[in-house]
Amino acid sequence: MRTFMSAELIDGGTAVALTHADGTQTRFHAIWLRDNALDAETRAEANGQRLITLSDIPKTTRLASATLNGSDELTLVFQPEGKTVSFASAWLEAHAYDTSQPRQPGWLGANIETWDGTLNDAIPTVDFQTAKSDCTVLGDWLAAVRRYGFAKITGGPIKSGALLKVVELFGYVRETNYGKWFEVRTEVNPTNLAYTGLGLQAHTDNPYRDPVPTLQILYCLENSASGGDSMVVDGFRAAERLRAESPEGFAMLWQHCARFDYAGSAGVRLSARRPMIELAPDGELIAIRFNNRSCAPIIDVPYDRMADYYAAYRRFGEIIDDPEMQVSFKLQPGESFIVDNTRVLHARKGYSGAGSRWLQGCYADKDGLLSTLGAIEQAQGGC
Ligand code: FE2
């Protein structure tokens, strides 16, 4: 951690500039510092939640003084409240926002690493029983899910509903109209093409939901049929490739909403309007939605751009279909895999002939997984 050498009020006390040993400065606004004060009158000591609203802070808030106590702590006096608050230098460093890195649309968040078919040689995998009994191992596996958006679990019970035990490792099932979980095996009159022996193009699940389920688990109970391999593709890597080839095509897919719907069973009419490549307002790549089966007529692209939109949509699909992008494997009974359904596409090769293929699937959400991971990381060494 860098240390602060001096503190100087700037802009009439509406901000403070902290100077590092190398001469660089990090600035903070008075209103930001006051809102983020860590004293017991501003934040509840027990749960860390803020006790005040912004309207409790005077509009005219200024800094009257800024004093460094050694390099470890900054003490500030706010006027007109006459309030004295101290911040640890490490806290300020960790929460600095005075950066000006230009970021191109599609930048990736921390802890995200994109991949292609070469991940076949290093699929992040954990043994179910070990993950259950050793939270350090569980934490490493959850961190891999956060990094790659995909991981396998081996050695689970060969029992209907066992996939819920995988979810219990980190969070909660997302129940939908398909139930707490759903069967993925050949049906006579399927309500969804997933329940046939047809091969399926790589896709994200349920883009017709809003919010979309952010995790999916597919769990194998039987897999003696010929074929039926599972395959995954990193949608973030596909988006990066599209952007590198054609920034204009990339822009087509994040600047316009697609539409998705599902009406395969009685009483269900799901629809959502979202882009195939979703960026945050500051350009962070946050989600992929890609599903040929449930893509509805796209009507939110102007006539003059529709041909270019379709060219980009086609190229994005070609990149996704590129074998070099694919990680494929055949699940054995008791094995499963998890995908970040806002990032990693999954697919199945067609299967037929003697034997059987029986998978069960369910949805869950990343908030629970990341929360469990965060708690394990915070308790590092003590979990
Ligand atoms: Fe699927």
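A few points about this structure:
- Kirkwood-based shape ratio for the stretch 1-110, expressed as Rg/Rh from alpha carbons: 0.99
- Selected from ASP22, ASP340, ASP321 as most flexible by GNM, with the chain as the system and alpha-carbon contacts under 10 Å: ASP22
- Radius of gyration, Dmax [the stretch 215-342; alpha carbons; angstrom]: 16.6, 51
- Between the stretch 274-334 and the stretch 39-97, the alpha-carbon center distance in angstrom: 45
- Rg ratio for the chain: its Cα radius of gyration over 2.2 N^0.38 Å, N being its residue count, equals 1.20.
- Here the stretch 231-383 is assigned +1 on the Cβ of each Lys and Arg and -1 on the Cβ of each Asp and Glu. Its dipole about the Cα centre then comes out at about 660 debye.
- All Cα-Cα separations within the stretch 51-93 were binned at 5 Å from zero, giving a P(r) of 6, 22, 23, 22, 18, 8, 1, each value a whole percent of the pairs.
- The residue list ALA375, PHE337, TRP358 was ranked by how far each Cα lies along the charge dipole of the stretch 290-383 toward its positive end, using unit charges on Cβ atoms, and TRP358 comes out on top.
- Dipole axis of the chain (+1 Lys, Arg; -1 Asp, Glu on Cβ), positive-most option in GLY13, TRP141, GLY228: GLY228
- Share of pairwise Cα separations in the stretch 85-240, more than 22 Å, in percent: 57
- For the stretch 1-65, the mean projected area of the C-alpha convex hull, equal to one quarter of the hull surface, is 5.5 nm².
- Degrees between helix 135-148 axis and first principal axis of the chain (Cα, 0 to 90, nearest 10): 80
- Net dipole in debye of the chain [+1 Lys, Arg Cβ; -1 Asp, Glu Cβ; about Cα centre; nearest 20]: 1060
- The Rg/Rh ratio for the stretch 341-381 is 1.23, where Rg is the radius of gyration of the alpha carbons and Rh is the Kirkwood radius.
- In degrees, nearest ten, helix 366-378 long axis to first principal axis of the chain (Cα): 50
- Build a GNM of the chain with springs between Cα atoms under 10 Å apart, and of PRO211, PRO281, PRO58 the one that fluctuates most is PRO58.
- Cys with no candidate disulfide partner in the chain (beta-carbon separation under 4.7 Å rule): CYS220, CYS257, CYS295, CYS362
- GluC sites (Glu not before Pro) restricted to the stretch 17-111 and DSSP loop, no more than 16 other C-beta within 10 Å: GLU41, GLU45, GLU81
- The charge dipole of the stretch 124-207, taken about the Cα centre with unit charges on the Cβ atoms of Lys, Arg (+1) and Asp, Glu (-1), comes to about 60 debye, rounded to the nearest 20.
- Centre-to-centre, using Cα atoms only, the stretch 100-144 and the stretch 203-248 are separated by 16 Å.
- Lys/Arg +1, Asp/Glu -1 at C-beta; the chain dipole; positive extreme among ILE217, VAL184, HIS256: VAL184
- Note on the stretch 106-167: Cα Rg divided by 2.2 N^0.38 Å, N the number of residues, gives 1.26.
- Each residue of the stretch 249-265 was assigned a 3J(HN,Hα) from its phi angle through the Karplus expression (A = 6.51, B = -1.76, C = 1.60, θ = phi - 60°), giving x, 4, 4, 3, 7, 9, 8, 10, 7, 8, 10, 9, 8, 8, 9, x, 9 Hz with x at Gly and Pro.
We did not get these values from a lab; they are worked out from the coordinates using the rules stated. Since we're looking at a predicted model, the values are computed, not measured. Note that each Cβ is placed from the backbone with ideal geometry, even for glycine, and that neighbours are counted across all protein chains shown.
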